Amino acid sequence: MNNKNIKTNSLFTAEEKAQLRHRKIRGELLRYFSLIPVVLGFLLIVFVFYANINSSFVWQLVDRGGSGQVFNSSEIKNDEQAYRLELNARGMSKEDIDDILTDPKKRRKFLLRNRVDQLLEANGKNKQTVVYTIERGMADKIEEQVPYFAGLANKTALQLRAKEEGLDLFLNPLLDRAFIIRNNSSRPLMAGFRTAIIGTLWVIGLLIFIASFVAVATAIYLEEYAQKGIFSSLLEINLRNLAGVPSIVYGILGLYVFVRAAGFGDSVIAASLTLSLLILPVVVIAAREAIRAVPDSLRQASYGLGATKWQTVSRVILPNSIAGIVTGIVLAVARALGETAPLLLVGGAGFITTIPGGWDVLKDSFSVMPLQIYSYFATPDQAFKEVAAAGIMVLLIILIFIYLFAFIIRAQFSRKW
Amino acid sequence: MNKTSNKIASINHNLKSALSKKFFSNIVENIIRIILLSAASISILTTIGVIWSLSSETFMFFRDPTVNFMDFITDHEWTPFFTEKHFGIAPLLTGTLLVTFIALVLGIPLGLGSAIFLSEFASSRVRQIAMPILEILAGIPTIVLGFFALFSITPILKMFVPGLSTQNSLAAGIVMGFMILPTVSSISIDAMQAVPRRLREAAYGLGATKAEVVSKVIVPAALSGIMAAFILAMSRAIGETMIVTLAAGAQPVITFDPRDAIATMTAFIANAAQSDQESASVGARALFAVGATLFLITLILNIFSHQVVSRFSEKYD
């Protein structure tokens with residue numbers, strides 16, 4: 001009786017209650033709608049990885065040239081043995097094989113045209129090894145290349161076709177050891193990523209030195225030395241605007257200043273300088289934040305002990321902000337690693353097979369990972385599409401490690417004051 | 001007596017050595033200051049270098065007898081490498097605008113939505129998982145996204161959109177929308193976090209639901225920051241190169257059909273850089289003229305976005 005009374009004497013009329021319910025529902029709706037973009041972003045990342053993994057494990061219908069044989073992977077210890085077995089199967093005598101594999105000139109030629117590939121599956125048998133060849137007169141020919149999941153779904157059809165046309169059906173992971181250690185080639189069967197990996201190491205290695213020195217010095221100057229004035233505010237506005245300049249404009253700068261005016265040509269040093277300028281604003285901003293996070297009390301204590309400005313900077317401020325600075329550099333390096341557009345102008349995206357090295361390394365022509373991936377797109381050969389996916393996977397895996405590294409530094413060494 | 005004079009001498013000596021030390025360290029301090037100052041000047045030299053390289057070659061471009069500044073603005077064709085050359089930048093501008101428009105239509109609601117979720121609705125636990133997702137999204141190299149748009153998104157779109165060409169602005173725009181999502185999101189989050197707590201509490205005190213607080217108090221209060229995020233995202237979309245070079249094509253035509261292949265300013269620069277043009281030819285110089293146009297547009301947008309923040313941001317103290 002009492003209960004009923006309260007209900008009827010509620011503060012709200014039925015109309016207001018309905019309105020209240022309506023408002024609550026709208027609130028819930030907004031909550032779930034706002035969750036959608038995060039989910040979509042996550043799905044996109046998953047889809048990017050799925051697409052590239054799918055394309056870098058391919059089913060190949062091969063018209064075998066060479067010996068036409070596949071070997072059991074468990075019996076093969078190294079590439080050398082695989083080459084010997086293959087040459088033997090091609091009907092060569094032991095002397096000829098020794099000659100090819102020991103004479104430096106012949107060996108080089110042979111390695112350019114033959115490649116050991118570990119197969120996950122060959123004609124229904126697991127873990128086989130094959131030596132692909134593009135030697136004249138006995139070149140292996142890939143009749144069709146199907147991405148992993150598409151091939152898995154149509155496996156019986158592929159097997160049937162292989163049987164009918166006398167082809168071999170291989171499941172070949174393009175992202176394998178051979179891909180990492182082989183140099184670039186204009187033939188998809190022989191293509192490797194080593195050229196690009198070494199080129200990247202040179203360009204990025206140089207960039208780390210140049211960019212971190214200039215950026216940290218700029219940050220120290222702005223935070224510790226500069227007086228408030230026209231110059232420092234000009235510097236700040238300038239840095240802010242540089243951060244918004246499209247990366248391809250840096251490429252134009254590199255082309256005009258480093259490649260042409262300074263006469264460096266399409267070289268490692270030109271690319272490294274261009275990318276350094278590109279990431280400079282990012283590193284400066286990160287380094288400034290790290291320096292600003294060092295509390296003033298530490299500075300005052302240092303000055304109070306009679307330290308000079310540079311002593312304070314080098315012994316108090318830098319050691320206490322190093323985690324933030326290094327994190328900033330690492331994240332900027334990750335960005336530089338994937339940067340393609342400026343290098344299209346500075347590096348020239350041809351099929352570069354030379355590896356930078358030796359005394360004149362700074363002036364060597366080069367390829368870096370994203371440039372080489374782009375060059376696969378620019379060739380008309382369709383089979384490069386899958387090679388590009390393997391290259392993308394290498395790039396993404398390296399980036400994952402770099403981000404993890406930055407994350408660990410940030411978590412381990414950052415200090416709270 | 002002797003003792004005191006000895007003492008004075010030793011003090012004198014100490015003082016002298018201290019002074020000379022100070023003198024020496026002053027020199028070191030000054031050298032270091034000069035080194036730091038010259039390192040800091042490099043960023044200003046960079047800007048000078050950008051302006052110098054763009055303007056000098058652009059100037060040479062417009063001095064060429066086949067080029068006319070009015071034609072550059074009014075002509076409807078862009079054929080710098082043909083025998084019959086036309087230098088009208090309109091097709092490149094419309095191409096850029098089309099892709100940017102698609103990217104913004106997708107990227108702005110997604111970015112703002114995720115910002116609202118991360119800033120207002122997500123628990124700190126969920127935020128710890130969701131924030132890295134956006135960071136990863138921002139960290140994917142654009143060449144990877146370009147391949148993804150061309151080989152993964154376009155084939156899927158082909159199932160739903162009849163008449164879609166292999167390279168098209170739709171797929172490029174969609175992927176670019178995801179590329180700018182983190183930009184919009186992170187700047188908007190900062191703006192929304194900066195809204196003072198008492199505004200929220202006041203709204204709750206008046207009986208507003210969470211959604212009402214977000215949509216009627218927080219977003220309007222953070223609007224200047226959110227607008228700046230939109231403008232910066234637009235600037236990034238205009239300057240993005242690899243996605244459009246791979247997925248949107250290299251056909252400078254004036255069209256607003258998202259199914260067609262187009263060419264953006266950035267895609268033209270990327271393609272022109274690989275053509276075997278002589279560096280003194282008018283075709284090669286067209287690259288710099290387009291670069292200068294691109295630089296001006298993005299610069300104006302960037303300055304504009306900072307203006308929006310400084311002029312329209314509400315001060316609460």
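Among B:Lys21, B:Lys3, A:Lys309, which comes first, then next, by fewest other beta-carbon atoms within 10 Å? Before the final figure, lay out the partial values.
Numbers: B:Lys21 10, B:Lys3 7, A:Lys309 18.
Neighbour counts put them in this order, fewest first: B:Lys3, B:Lys21, A:Lys309.
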GNM result for chain A, Cα springs below 10 Å: residue of A:Trp202, A:Trp59, A:Trp310 fluctuating most strongly:
A:Trp310
If packing is taken as the average number of other Cβ atoms within 10 Å across a peptide's residues, how do A:40-52, B:237-249, B:8-20, B:105-117 rank, most packed first?
B:237-249, B:105-117, A:40-52, B:8-20
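In what sequence, highest mean first, do A:263-273, B:272-282, B:188-198 appear when ranked by Cβ atoms within 10 angstrom?
Ranking the peptides A:263-273, B:272-282, B:188-198 by packing returns A:263-273, B:188-198, B:272-282.
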Would you mind checking the tilt of helix A:79-89 against the longest principal axis of the Cα atoms of chain A, expressed as 0 to 90 degrees and rounded to 10?
30 degrees
Output the 0 to 90 degree angle, nearest 10, between the alpha-carbon long axis of helix A:369-378 and the longest principal axis computed from the alpha carbons of chain A.
60 degrees
Would you order B:Lys158, A:Lys17 from fewest to most other beta-carbon atoms within 10 Å of each residue's own beta-carbon?
A:Lys17, B:Lys158
In nm, give the distance between the simple-model label positions of B:His306 and B:Ile156, each being 7 Å from the Cα along the Cα-to-Cβ direction.
3.9 nm
Residue by residue through region A:184-195, what is 3J(HN,Hα) from phi via Karplus (6.51 cos²θ - 1.76 cosθ + 1.60, θ = phi - 60°)? Round to whole Hz and write x for glycine and proline.
5, 8, 7, 10, x, 5, 9, 5, x, 10, 4, 3
Apply the membrane-span-like helix rule to chain B: whole DSSP H runs, Cα extent along the own long axis of at least 27 Å, mean Kyte-Doolittle hydropathy at least 1.0. List the helices found.
B:90-116, B:169-193, B:282-312
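Relative contact order for chain B: what is it in percent, counting Cα pairs under 8 Å that are at least 6 residues apart?
23 percent
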GNM result for chain B, Cα springs below 10 Å: residue of B:Thr142, B:Thr166, B:Thr74 fluctuating most strongly
B:Thr74
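Run the numbers on chain A and let me know its relative contact order in percent, using alpha-carbon pairs under 8 Å that are six or more apart.
Values: 555 pairs, mean separation 73.4, N = 417.
Averaging sequence separation for qualifying contacts and normalising by length gives 18 percent for chain A.
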Give me the angle, in degrees from 0 to 90, between the Cα long axis of helix A:230-243 and the longest principal axis of the Cα atoms of chain A, rounded to the nearest 10.
40 degrees
Shielding by partners for A:249-262, please: the mean number of other protein chain Cβ atoms within 10 Å of each residue's Cβ.
6
Which value, in debye to the nearest 20, describes the size of the charge dipole of chain B about its Cα centre when Lys and Arg Cβ atoms bear +1, Asp and Glu Cβ atoms bear -1, and nothing else is charged?
2040 debye
Other-chain or far-sequence residues with amide H under 5 Å of A:Glu144's (modelled H)
A:Leu61
Starting from one equal scatterer on each C-alpha and no solvent at all, send me the Debye-based log10 I(q)/I(0) for region A:55-173 at q = 0.10, 0.19 Å⁻¹, two decimals.
-0.31, -1.01
Once phi is turned into ³J(HN,Hα) by the Karplus curve 6.51 cos²θ - 1.76 cosθ + 1.60 with θ = phi - 60°, what whole-Hz value does each residue of region A:397-412 show in order, with x for glycine and proline?
5, 4, 4, 4, 5, 5, 5, 4, 4, 4, 4, 5, 4, 4, 6, 7
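Give me B:His306, B:His76 ranked fewest to most by other Cβ atoms within 10 Å of their Cβ, as a rough exposure proxy.
Working: B:His306 16, B:His76 13.
By the 10 Å Cβ count, ascending: B:His76, B:His306.
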Partner chain coverage, peptide A:23-36 - average Cβ within 10 angstrom:
6
GNM on chain A, C-alpha springs below 10 Å: top fluctuator among A:Leu234, A:Leu30, A:Leu61?
A:Leu30
If you plug each phi of region B:254-259 into the Karplus form 6.51 cos²θ - 1.76 cosθ + 1.60 with θ = phi - 60°, what whole-Hz ³J(HN,Hα) values come out, in order, with x for Gly and Pro?
8, 8, 10, 8, x, 7
What's the average, rounded to a whole number, of partner chain beta-carbon atoms within 10 Å of each residue's beta-carbon in A:227-238?
2
Can you list residues from other chains, or at least 5 along the same chain, whose modelled amide H is less than 5 Å from the amide H of A:Thr129?
A:Phe71, A:Asn72, A:Ser73, A:Leu119
Expected output is a single nm value to one decimal: the length gained when fully extending between A:Ser314 and A:Asn88, i.e. 0.36 nm times separation in residues minus the C-alpha distance. What is it?
74.8 nm
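Set the Förster distance to 30 Å, then compute FRET efficiency between A:Ala153 and B:Ser279 from the Cβ-Cβ distance, nearest 0.05.
Details: r = 51 Å, r/R0 = 1.70.
For A:Ala153 and B:Ser279, the calculated efficiency is 0.05.
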At what distance in nm do the modelled label points of B:Leu15 and B:Ala194 sit from each other, each positioned 7 Å from its Cα along Cα→Cβ?
5.5 nm
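A short reminder: the numbers here are calculations on the coordinates, not readings from a lab. Note that the coordinates shown come from a computational prediction; the quantities given were computed from them, not determined experimentally. FYI the Cβ positions are ideal-geometry reconstructions off the backbone, even for glycines, and counts take in every protein chain you see.
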